[in-house]
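Let me begin by presenting the structure, written as C-alpha coordinates, before commenting on it.
The values are calculated or read from the model by the stated rules, or taken from the named source; none is laboratory data. The shown structure was predicted, so the numbers you read here are calculated from the model rather than taken from an experiment. Please note: Cβ atoms are built from the backbone with ideal geometry, for glycine as well, and neighbour counts cover all protein chains shown.
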(Lines give C-alpha, C1' and ligand atoms only; values in the text may rest on other atoms or scores of the structure.)
Protein backbone atom coordinates (compact mmCIF):
# COMPACT_ATOMS: atom_id res chain seq x y z
CA UNK A 1 0.00 0.00 0.00
CA UNK A 2 1.54 3.31 -1.08
CA UNK A 3 -1.05 5.60 0.55
CA UNK A 4 -0.70 5.12 4.29
CA UNK A 5 -3.47 7.65 5.01
CA UNK A 6 -6.30 8.71 2.69
CA UNK A 7 -8.07 11.91 3.74
CA UNK A 8 -11.49 12.71 2.28
CA UNK A 9 -12.08 16.45 2.49
CA UNK A 10 -9.73 19.38 1.82
CA UNK A 11 -11.18 21.84 4.30
CA UNK A 12 -9.18 23.18 7.27
CA UNK A 13 -9.47 19.91 9.21
CA UNK A 14 -8.31 17.67 6.38
CA UNK A 15 -5.51 20.03 5.36
CA UNK A 16 -4.22 20.41 8.93
CA UNK A 17 -4.10 16.63 9.32
CA UNK A 18 -2.38 16.22 5.96
CA UNK A 19 0.25 18.87 6.73
CA UNK A 20 1.08 17.31 10.08
CA UNK A 21 1.51 13.86 8.52
CA UNK A 22 3.58 15.24 5.65
CA UNK A 23 5.89 16.95 8.14
CA UNK A 24 6.87 13.46 9.29
CA UNK A 25 7.04 11.83 5.86
CA UNK A 26 3.85 9.80 6.32
CA UNK A 27 2.47 9.07 2.82
CA UNK A 28 -0.85 10.92 2.64
CA UNK A 29 -3.38 11.49 -0.13
CA UNK A 30 -6.07 14.19 0.01
CA UNK A 31 -9.20 14.06 -2.14
CA UNK A 32 -12.25 16.32 -2.27
CA UNK A 33 -15.59 15.96 -4.05
CA UNK A 34 -15.65 19.66 -5.01
CA UNK A 35 -14.32 20.62 -8.41
CA UNK A 36 -11.95 23.18 -6.91
CA UNK A 37 -11.16 25.37 -3.90
CA UNK A 38 -13.97 27.32 -2.29
CA UNK A 39 -14.03 31.06 -2.99
CA UNK A 40 -16.67 31.86 -0.38
CA UNK A 41 -17.25 30.49 3.10
CA UNK A 42 -19.59 30.68 6.05
CA UNK A 43 -16.83 30.59 8.65
CA UNK A 44 -15.12 33.92 9.27
CA UNK A 45 -12.82 33.47 12.23
CA UNK A 46 -9.84 31.68 13.68
CA UNK A 47 -9.98 31.54 17.45
CA UNK A 48 -6.62 31.68 19.29
CA UNK A 49 -6.51 27.88 19.56
CA UNK A 50 -6.84 27.57 15.79
CA UNK A 51 -4.08 30.16 15.35
CA UNK A 52 -1.81 28.03 17.56
CA UNK A 53 -2.51 24.89 15.55
CA UNK A 54 -1.59 26.57 12.26
CA UNK A 55 1.47 28.17 13.85
CA UNK A 56 2.77 24.81 15.08
CA UNK A 57 2.59 23.25 11.62
CA UNK A 58 3.98 26.29 9.80
CA UNK A 59 0.67 27.05 8.06
CA UNK A 60 -0.22 30.45 9.54
CA UNK A 61 1.57 32.38 6.80
CA UNK A 62 0.54 36.03 6.51
CA UNK A 63 -2.98 35.47 7.83
CA UNK A 64 -2.40 37.76 10.86
CA UNK A 65 -1.43 40.62 8.55
CA UNK A 66 -4.56 40.13 6.42
CA UNK A 67 -7.01 39.74 9.29
CA UNK A 68 -8.81 41.81 11.85
CA UNK A 69 -7.68 40.80 15.32
CA UNK A 70 -10.48 42.21 17.43
CA UNK A 71 -14.21 42.60 17.12
CA UNK A 72 -16.77 44.89 18.70
CA UNK A 73 -20.11 43.12 18.95
CA UNK A 74 -23.33 45.06 19.55
CA UNK A 75 -26.70 43.43 20.20
CA UNK A 76 -29.78 45.58 19.63
CA UNK A 77 -33.46 45.14 20.27
CA UNK A 78 -35.13 47.66 18.02
CA UNK A 79 -33.21 50.93 18.39
CA UNK A 80 -31.93 49.98 21.85
CA UNK A 81 -28.47 48.43 22.36
CA UNK A 82 -28.82 45.78 25.04
CA UNK A 83 -25.27 44.35 25.04
CA UNK A 84 -21.79 45.25 23.84
CA UNK A 85 -18.91 42.78 23.76
CA UNK A 86 -15.28 43.26 22.78
CA UNK A 87 -13.85 39.92 21.71
CA UNK A 88 -10.66 38.69 20.12
CA UNK A 89 -8.30 41.05 21.96
CA UNK A 90 -5.46 39.27 23.71
CA UNK A 91 -5.11 39.58 27.48
CA UNK A 92 -1.94 39.62 29.56
CA UNK A 93 -1.67 35.91 30.37
CA UNK A 94 -3.19 34.72 27.05
CA UNK A 95 -1.36 36.69 24.32
CA UNK A 96 -2.89 34.92 21.34
CA UNK A 97 -5.44 36.89 19.33
CA UNK A 98 -8.42 35.75 17.31
CA UNK A 99 -8.30 36.50 13.58
CA UNK A 100 -11.33 37.60 11.59
CA UNK A 101 -10.79 36.23 8.09
CA UNK A 102 -12.67 34.07 5.62
CA UNK A 103 -12.24 30.31 5.85
CA UNK A 104 -11.50 30.36 2.11
CA UNK A 105 -8.41 32.49 2.84
CA UNK A 106 -7.34 30.13 5.63
CA UNK A 107 -7.66 27.13 3.32
CA UNK A 108 -5.62 28.88 0.62
CA UNK A 109 -2.72 29.46 3.00
CA UNK A 110 -2.92 25.87 4.23
CA UNK A 111 -2.85 24.51 0.66
CA UNK A 112 0.32 26.53 0.05
CA UNK A 113 1.93 24.94 3.09
CA UNK A 114 0.85 21.45 1.99
CA UNK A 115 2.34 22.11 -1.45
CA UNK A 116 5.65 23.14 0.16
CA UNK A 117 5.73 19.67 1.70
CA UNK A 118 5.09 18.00 -1.65
CA UNK A 119 1.34 17.48 -1.31
CA UNK A 120 -1.63 18.46 -3.45
CA UNK A 121 -5.41 18.08 -3.40
CA UNK A 122 -7.16 15.82 -5.90
CA UNK A 123 -10.32 17.78 -6.72
CA UNK A 124 -13.48 16.26 -8.16
CA UNK A 125 -12.78 12.95 -6.42
CA UNK A 126 -15.35 11.48 -4.03
CA UNK A 127 -15.38 8.33 -1.92
CA UNK A 128 -18.39 6.22 -2.92
CA UNK A 129 -17.61 2.91 -1.20
CA UNK A 130 -15.23 1.53 1.41
CA UNK A 131 -14.33 -1.97 2.54
CA UNK A 132 -11.95 -2.62 5.42
CA UNK A 133 -10.21 -5.52 7.11
CA UNK A 134 -7.53 -5.87 9.77
CA UNK A 135 -4.78 -4.61 7.45
CA UNK A 136 -6.35 -1.68 5.62
CA UNK A 137 -9.17 -0.07 3.68
CA UNK A 138 -10.11 -0.37 0.03
CA UNK A 139 -11.84 2.88 -0.93
CA UNK A 140 -13.72 3.21 -4.20
CA UNK A 141 -13.58 6.78 -5.52
CA UNK A 142 -15.42 8.44 -8.39
CA UNK A 143 -13.75 11.25 -10.34
CA UNK A 144 -15.41 14.19 -12.09
CA UNK A 145 -15.58 12.31 -15.40
CA UNK A 146 -17.59 9.51 -13.75
CA UNK A 147 -14.75 6.98 -13.72
CA UNK A 148 -14.31 4.82 -10.64
CA UNK A 149 -11.15 3.26 -9.27
CA UNK A 150 -9.89 1.72 -6.03
CA UNK A 151 -7.42 3.18 -3.55
CA UNK A 152 -5.68 0.87 -1.11
CA UNK A 153 -4.83 2.62 2.16
CA UNK A 154 -4.02 1.76 5.75
CA UNK A 155 -6.32 4.46 7.18
CA UNK A 156 -9.30 6.38 5.80
CA UNK A 157 -10.09 9.69 7.54
CA UNK A 158 -13.44 11.38 6.93
CA UNK A 159 -13.00 15.15 7.00
CA UNK A 160 -15.78 15.56 4.44
CA UNK A 161 -18.19 17.74 6.38
CA UNK A 162 -21.63 17.55 7.90
CA UNK A 163 -23.00 15.29 5.16
CA UNK A 164 -19.94 13.02 5.36
CA UNK A 165 -20.03 10.08 2.96
CA UNK A 166 -17.22 8.42 4.92
CA UNK A 167 -19.28 8.54 8.12
CA UNK A 168 -22.25 6.95 6.36
CA UNK A 169 -20.07 4.26 4.79
CA UNK A 170 -18.64 3.44 8.23
CA UNK A 171 -22.17 3.05 9.60
CA UNK A 172 -21.68 5.68 12.31
CA UNK A 173 -24.80 7.46 13.54
CA UNK A 174 -25.07 11.26 13.67
CA UNK A 175 -27.95 12.13 16.03
CA UNK A 176 -28.94 15.68 16.93
CA UNK A 177 -31.53 18.39 16.43
CA UNK A 178 -32.16 21.62 14.54
CA UNK A 179 -31.23 24.84 16.30
CA UNK A 180 -32.46 27.29 13.67
CA UNK A 181 -34.79 26.21 10.91
CA UNK A 182 -33.31 28.45 8.26
CA UNK A 183 -30.80 31.26 7.72
CA UNK A 184 -30.32 33.50 4.68
CA UNK A 185 -26.84 34.93 4.11
CA UNK A 186 -25.25 37.40 1.70
CA UNK A 187 -21.89 39.12 1.23
CA UNK A 188 -22.53 42.65 -0.07
CA UNK A 189 -20.37 45.64 -0.98
CA UNK A 190 -21.70 48.90 0.41
CA UNK A 191 -20.70 52.03 2.31
CA UNK A 192 -22.73 51.70 5.50
CA UNK A 193 -22.26 53.83 8.65
CA UNK A 194 -21.58 50.83 10.87
CA UNK A 195 -18.54 49.80 12.92
CA UNK A 196 -15.95 48.41 10.51
CA UNK A 197 -14.25 46.61 13.38
CA UNK A 198 -17.25 44.70 14.48
CA UNK A 199 -20.69 43.27 14.06
CA UNK A 200 -24.15 44.52 14.83
CA UNK A 201 -27.05 42.19 15.59
CA UNK A 202 -30.71 43.07 15.79
CA UNK A 203 -32.94 40.73 17.80
CA UNK A 204 -36.66 40.91 17.29
CA UNK A 205 -39.21 38.49 18.76
CA UNK A 206 -36.74 35.63 18.60
CA UNK A 207 -35.60 36.40 15.05
CA UNK A 208 -32.24 37.94 14.33
CA UNK A 209 -30.32 39.85 11.68
CA UNK A 210 -26.58 40.29 11.97
CA UNK A 211 -24.06 42.36 9.99
CA UNK A 212 -20.29 41.76 10.19
CA UNK A 213 -17.67 44.01 8.61
CA UNK A 214 -15.25 42.42 6.13
CA UNK A 215 -12.35 44.03 4.24
CA UNK A 216 -12.85 46.30 1.25
CA UNK A 217 -16.27 47.77 2.19
CA UNK A 218 -17.80 44.30 2.21
CA UNK A 219 -20.37 43.20 4.78
CA UNK A 220 -21.74 39.79 5.68
CA UNK A 221 -25.44 39.90 6.49
CA UNK A 222 -27.49 36.95 7.68
CA UNK A 223 -30.97 36.66 9.05
CA UNK A 224 -33.54 34.14 10.17
CA UNK A 225 -36.52 34.56 7.80
CA UNK A 226 -40.19 34.04 8.68
CA UNK A 227 -41.39 30.45 8.61
CA UNK A 228 -43.79 31.06 5.71
CA UNK A 229 -41.04 32.11 3.28
CA UNK A 230 -41.04 29.79 0.22
CA UNK A 231 -38.25 27.25 -0.19
CA UNK A 232 -35.66 27.11 -2.96
CA UNK A 233 -35.17 30.84 -3.39
CA UNK A 234 -32.87 32.11 -6.12
CA UNK A 235 -29.75 34.06 -5.17
CA UNK A 236 -31.49 37.26 -6.29
CA UNK A 237 -34.51 36.50 -4.13
CA UNK A 238 -32.28 35.78 -1.14
CA UNK A 239 -30.33 39.02 -1.53
CA UNK A 240 -33.49 41.11 -2.03
CA UNK A 241 -35.07 39.62 1.08
CA UNK A 242 -31.97 40.09 3.25
CA UNK A 243 -31.31 43.66 2.11
CA UNK A 244 -34.94 44.65 2.62
CA UNK A 245 -34.88 43.20 6.14
CA UNK A 246 -31.57 44.91 6.88
CA UNK A 247 -32.88 48.30 5.81
CA UNK A 248 -36.06 47.88 7.85
CA UNK A 249 -34.22 46.98 11.04
CA UNK A 250 -31.25 49.34 10.75
CA UNK A 251 -32.94 52.34 9.17
CA UNK A 252 -30.05 52.50 6.66
CA UNK A 253 -30.82 52.96 2.98
CA UNK A 254 -29.56 50.72 0.21
CA UNK A 255 -28.39 53.42 -2.19
CA UNK A 256 -24.66 52.65 -1.57
CA UNK A 257 -24.97 48.93 -2.34
CA UNK A 258 -22.84 48.25 -5.43
CA UNK A 259 -22.53 44.47 -5.54
CA UNK A 260 -23.92 41.30 -3.97
CA UNK A 261 -20.97 38.91 -4.07
CA UNK A 262 -22.61 35.82 -2.65
CA UNK A 263 -26.03 34.65 -1.49
CA UNK A 264 -26.94 31.37 0.18
CA UNK A 265 -29.23 29.73 2.68
CA UNK A 266 -28.64 27.00 5.22
CA UNK A 267 -29.94 25.40 8.38
CA UNK A 268 -28.17 25.15 11.74
CA UNK A 269 -28.05 21.77 13.45
CA UNK A 270 -26.45 20.39 16.58
CA UNK A 271 -25.14 16.88 15.93
CA UNK A 272 -22.47 14.58 17.38
CA UNK A 273 -21.27 11.32 15.85
CA UNK A 274 -21.89 8.17 17.90
CA UNK A 275 -18.21 7.26 17.47
CA UNK A 276 -15.07 8.81 16.00
CA UNK A 277 -13.55 5.51 14.93
CA UNK A 278 -14.82 2.36 13.30
CA UNK A 279 -11.83 0.07 12.74
CA UNK A 280 -9.52 1.77 10.25
CA UNK A 281 -11.97 4.57 9.43
CA UNK A 282 -11.93 7.73 11.56
CA UNK A 283 -13.83 11.02 11.54
CA UNK A 284 -12.74 14.59 12.26
CA UNK A 285 -14.19 18.09 12.04
CA UNK A 286 -17.74 18.62 10.81
CA UNK A 287 -17.96 14.95 9.87
CA UNK A 288 -17.88 14.21 13.61
CA UNK A 289 -19.72 17.23 15.05
CA UNK A 290 -21.66 20.29 13.89
CA UNK A 291 -22.96 23.15 15.97
CA UNK A 292 -24.19 26.72 15.84
CA UNK A 293 -21.66 29.15 14.33
CA UNK A 294 -21.92 31.16 17.58
CA UNK A 295 -18.40 31.96 18.75
CA UNK A 296 -16.75 30.57 15.61
CA UNK A 297 -16.21 27.15 17.16
CA UNK A 298 -16.70 24.78 14.22
CA UNK A 299 -13.51 25.43 12.24
CA UNK A 300 -11.43 25.69 15.40
CA UNK A 301 -12.74 22.48 16.94
CA UNK A 302 -11.94 20.70 13.67
CA UNK A 303 -8.37 22.01 13.72
CA UNK A 304 -8.01 20.70 17.27
CA UNK A 305 -9.32 17.31 16.13
CA UNK A 306 -6.74 17.19 13.35
CA UNK A 307 -3.80 17.99 15.62
CA UNK A 308 -4.85 15.49 18.27
CA UNK A 309 -5.36 12.69 15.76
CA UNK A 310 -2.25 13.49 13.72
CA UNK A 311 0.42 12.80 16.33
CA UNK A 312 -1.25 9.54 17.25
CA UNK A 313 -1.43 8.44 13.61
CA UNK A 314 2.26 9.29 13.18
CA UNK A 315 3.28 6.98 16.02
CA UNK A 316 0.94 4.15 14.96
CA UNK A 317 1.96 4.23 11.29
CA UNK A 318 5.64 4.26 12.26
CA UNK A 319 5.14 1.20 14.43
CA UNK A 320 5.97 3.16 17.58
CA UNK A 321 2.55 2.65 19.17
CA UNK A 322 -0.28 0.14 19.28
CA UNK A 323 -3.46 0.93 17.35
CA UNK A 324 -5.27 1.34 20.66
CA UNK A 325 -3.61 4.75 20.99
CA UNK A 326 -6.07 5.93 18.32
CA UNK A 327 -8.96 5.20 20.69
CA UNK A 328 -7.69 8.00 22.93
CA UNK A 329 -8.48 10.42 20.09
CA UNK A 330 -12.19 9.89 20.63
CA UNK A 331 -11.67 9.68 24.39
CA UNK A 332 -10.15 13.18 24.45
CA UNK A 333 -11.96 15.00 21.64
CA UNK A 334 -15.55 13.74 21.78
CA UNK A 335 -16.23 15.01 25.34
CA UNK A 336 -14.88 18.39 24.27
CA UNK A 337 -17.16 18.47 21.21
CA UNK A 338 -20.12 17.66 23.46
CA UNK A 339 -19.28 20.68 25.64
CA UNK A 340 -18.92 22.96 22.62
CA UNK A 341 -22.24 21.80 21.19
CA UNK A 342 -23.97 22.37 24.51
CA UNK A 343 -22.45 25.84 24.94
CA UNK A 344 -23.24 27.10 21.44
CA UNK A 345 -26.77 25.68 21.58
CA UNK A 346 -27.34 27.41 24.91
CA UNK A 347 -26.11 30.70 23.43
CA UNK A 348 -28.66 30.45 20.62
CA UNK A 349 -31.47 29.57 23.04
CA UNK A 350 -30.59 32.48 25.35
CA UNK A 351 -29.98 35.20 22.78
CA UNK A 352 -32.87 34.30 20.46
CA UNK A 353 -35.76 33.18 22.67
CA UNK A 354 -39.19 32.97 21.04
CA UNK A 355 -40.98 32.90 24.38
CA UNK A 356 -41.67 36.46 25.76
CA UNK A 357 -40.97 35.28 29.32
CA UNK A 358 -37.57 33.96 28.24
CA UNK A 359 -36.85 37.32 26.58
CA UNK A 360 -37.69 39.00 29.87
CA UNK A 361 -35.31 36.65 31.68
CA UNK A 362 -32.59 37.34 29.13
CA UNK A 363 -32.90 41.13 29.38
CA UNK A 364 -33.19 41.38 33.17
CA UNK A 365 -30.98 38.50 34.39
CA UNK A 366 -28.67 37.12 31.70
CA UNK A 367 -27.52 40.30 29.95
CA UNK A 368 -26.62 42.22 33.17
CA UNK A 369 -24.43 39.27 34.20
CA UNK A 370 -22.79 39.02 30.77
CA UNK A 371 -21.87 42.73 30.96
CA UNK A 372 -19.56 42.05 33.92
CA UNK A 373 -15.84 42.14 32.91
CA UNK A 374 -15.05 38.91 34.76
CA UNK A 375 -17.86 37.10 32.95
CA UNK A 376 -16.76 38.48 29.57
CA UNK A 377 -13.23 37.22 30.23
CA UNK A 378 -14.55 33.74 30.99
CA UNK A 379 -16.63 33.79 27.82
CA UNK A 380 -13.56 34.85 25.83
CA UNK A 381 -11.46 32.06 27.34
CA UNK A 382 -14.15 29.49 26.50
CA UNK A 383 -14.50 30.74 22.93
CA UNK A 384 -10.72 30.91 22.46
CA UNK A 385 -10.39 27.21 23.37
CA UNK A 386 -7.13 28.05 25.18
CA UNK A 387 -8.59 26.65 28.37
CA UNK A 388 -9.05 23.17 26.93
CA UNK A 389 -7.73 20.41 29.18
CA UNK A 390 -7.71 16.64 28.91
CA UNK A 391 -7.43 16.15 32.68
CA UNK A 392 -9.15 12.97 33.70
CA UNK A 393 -9.02 11.65 30.12
CA UNK A 394 -7.50 8.41 28.88
CA UNK A 395 -3.94 9.84 28.80
CA UNK A 396 -4.18 11.97 31.95
CA UNK A 397 -6.07 10.07 34.66
CA UNK A 398 -7.24 11.87 37.78
CA UNK A 399 -4.35 10.57 39.93
CA UNK A 400 -2.61 13.96 39.63
CA UNK A 401 -5.09 15.93 41.75
CA UNK A 402 -2.41 16.55 44.38
CA UNK A 403 -0.17 18.33 41.88
CA UNK A 404 -0.07 22.16 42.12
CA UNK A 405 -0.19 24.32 39.01
CA UNK A 406 -0.39 22.87 35.52
CA UNK A 407 -1.07 19.14 35.39
CA UNK A 408 -0.93 16.41 32.75
CA UNK A 409 -3.69 17.05 30.22
CA UNK A 410 -3.51 20.85 30.51
CA UNK A 411 -2.52 23.07 27.59
CA UNK A 412 1.01 24.40 28.09
CA UNK A 413 1.26 28.17 27.51
CA UNK A 414 3.94 29.38 25.13
CA UNK A 415 7.35 30.07 26.70
CA UNK A 416 10.62 31.61 25.58
CA UNK A 417 13.15 28.77 25.68
CA UNK A 418 16.64 27.71 24.70
CA UNK A 419 17.77 24.66 22.77
CA UNK A 420 20.60 22.69 24.34
CA UNK A 421 23.02 24.46 21.96
CA UNK A 422 21.92 27.81 23.39
CA UNK A 423 19.77 28.97 20.48
CA UNK A 424 16.56 30.77 21.44
CA UNK A 425 13.08 29.72 20.39
CA UNK A 426 9.56 29.58 21.74
CA UNK A 427 7.98 26.39 22.99
CA UNK A 428 5.20 26.36 20.40
CA UNK A 429 7.56 27.11 17.52
CA UNK A 430 9.85 24.27 18.60
CA UNK A 431 7.03 21.71 18.74
CA UNK A 432 6.31 21.56 14.98
CA UNK A 433 4.71 18.15 15.38
CA UNK A 434 7.29 16.90 17.90
CA UNK A 435 7.41 16.15 21.61
CA UNK A 436 9.34 18.52 23.88
CA UNK A 437 11.20 17.74 27.09
CA UNK A 438 11.13 20.88 29.22
CA UNK A 439 13.57 21.07 32.14
CA UNK A 440 15.51 23.81 33.94
CA UNK A 441 18.79 21.91 33.72
CA UNK A 442 20.35 20.99 30.37
CA UNK A 443 21.84 17.73 31.61
CA UNK A 444 18.51 16.68 33.11
CA UNK A 445 16.77 17.55 29.85
CA UNK A 446 19.30 15.55 27.82
CA UNK A 447 18.83 12.42 29.96
CA UNK A 448 15.06 12.57 29.58
CA UNK A 449 15.33 13.13 25.83
CA UNK A 450 17.41 9.97 25.57
CA UNK A 451 14.74 7.99 27.45
CA UNK A 452 11.93 9.42 25.30
CA UNK A 453 13.79 9.00 21.99
CA UNK A 454 14.11 5.24 22.58
CA UNK A 455 10.29 5.04 22.48
CA UNK A 456 9.29 7.87 20.12
CA UNK A 457 12.21 8.08 17.71
CA UNK A 458 14.98 10.67 17.86
CA UNK A 459 13.41 12.94 15.22
CA UNK A 460 10.20 13.29 17.25
CA UNK A 461 11.76 14.63 20.45
CA UNK A 462 13.53 17.89 21.30
CA UNK A 463 14.91 19.31 24.59
CA UNK A 464 14.36 22.87 25.80
CA UNK A 465 15.18 24.88 28.90
CA UNK A 466 12.92 27.81 29.79
CA UNK A 467 14.27 31.38 29.79
CA UNK A 468 13.37 33.71 32.68
CA UNK A 469 10.66 31.39 33.95
CA UNK A 470 10.10 30.44 37.60
CA UNK A 471 12.40 27.60 38.55
CA UNK A 472 10.73 24.23 39.08
CA UNK A 473 12.22 20.90 40.07
CA UNK A 474 9.83 19.10 37.74
CA UNK A 475 10.47 17.89 34.23
CA UNK A 476 7.64 18.07 31.68
CA UNK A 477 7.01 16.19 28.47
CA UNK A 478 4.89 18.33 26.14
CA UNK A 479 2.84 16.53 23.51
CA UNK A 480 2.84 17.59 19.83
CA UNK A 481 -0.57 19.26 20.37
CA UNK A 482 0.81 21.52 23.11
CA UNK A 483 -0.66 19.63 26.09
CA UNK A 484 1.35 18.30 29.02
CA UNK A 485 1.75 14.55 28.70
CA UNK A 486 3.93 13.83 31.74
CA UNK A 487 5.27 15.83 34.69
CA UNK A 488 7.39 14.63 37.59
CA UNK A 489 10.65 15.15 39.45
CA UNK A 490 13.69 14.23 37.31
CA UNK A 491 13.32 10.51 36.66
CA UNK A 492 14.06 9.23 33.14
CA UNK A 493 12.91 5.73 34.13
CA UNK A 494 9.47 7.08 35.16
CA UNK A 495 9.16 8.94 31.87
CA UNK A 496 10.06 5.76 29.98
CA UNK A 497 7.49 3.79 31.97
CA UNK A 498 4.78 6.38 31.21
CA UNK A 499 5.54 6.29 27.49
CA UNK A 500 5.49 2.50 27.49
CA UNK A 501 2.06 2.56 29.14
CA UNK A 502 0.70 5.12 26.66
CA UNK A 503 2.18 3.62 23.48
CA UNK A 504 1.75 -0.05 24.33
CA UNK A 505 -1.10 -0.35 26.88
CA UNK A 506 -1.38 -3.68 28.63
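Annotations
- The one condition from (1) at pLDDT below 75; (2) in contact with a strand residue (DSSP E or B) (Cβ under 6 Å, 6 or more places away or on another chain) that residue 358 does not meet is (2).
- Conditions (1) in contact with a strand residue (DSSP E or B) (Cβ under 8 Å, 6 or more places away or on another chain); (2) in a loop (DSSP other than H, G, I, E, B); (3) over 23 Å from residue 500 (Cα atoms): number failed by residue 403: (3)
- Taking region 175-195 as the range and being modelled with pLDDT of 85 or more, in a strand (DSSP E or B) and surrounded by 19 or more Cβ atoms within 10 Å (Cβ to Cβ) as the test, the residues that pass are 184, 185, 186, 187, 188.
- Within region 122-165, the residues that satisfy the criterion of being touching a helix residue (DSSP H, G or I) at 6+ places or on another chain (Cβ under 6 Å) and not in a loop (DSSP other than H, G, I, E, B) are 127, 130, 158.
- Among residues of region 426-444, those that are under 19 Å from residue 483 (Cβ atoms), in contact with a strand residue (DSSP E or B) (Cβ under 8 Å, 6 or more places away or on another chain) and surrounded by 15 or more Cβ atoms within 10 Å (Cβ to Cβ), counted: 9
- Check on residue 506, surrounded by 14 or more Cβ atoms within 10 Å (Cβ to Cβ) and over 30 Å from the mean Cα position of the chain (by Cα): no
- Any hit, region 204-222, residues being farther than 15 Å from residue 75 by Cβ, at pLDDT 85 or above and touching a helix residue (DSSP H, G or I) at 6+ places or on another chain (Cβ under 7 Å): yes
- For residue 172: the one exception among (1) buried (at least 16 other Cβ atoms within 10 Å of the Cβ); (2) outside any loop (DSSP other than H, G, I, E, B): (2)
- Taking strands (runs of 3 or more DSSP E) as the structural unit, those lying wholly within region 414-506 and holding at least 1 residues that are closer than 22 Å to residue 387 by Cα and at pLDDT 95 or above correspond to 435-438, 475-478, 484-488.
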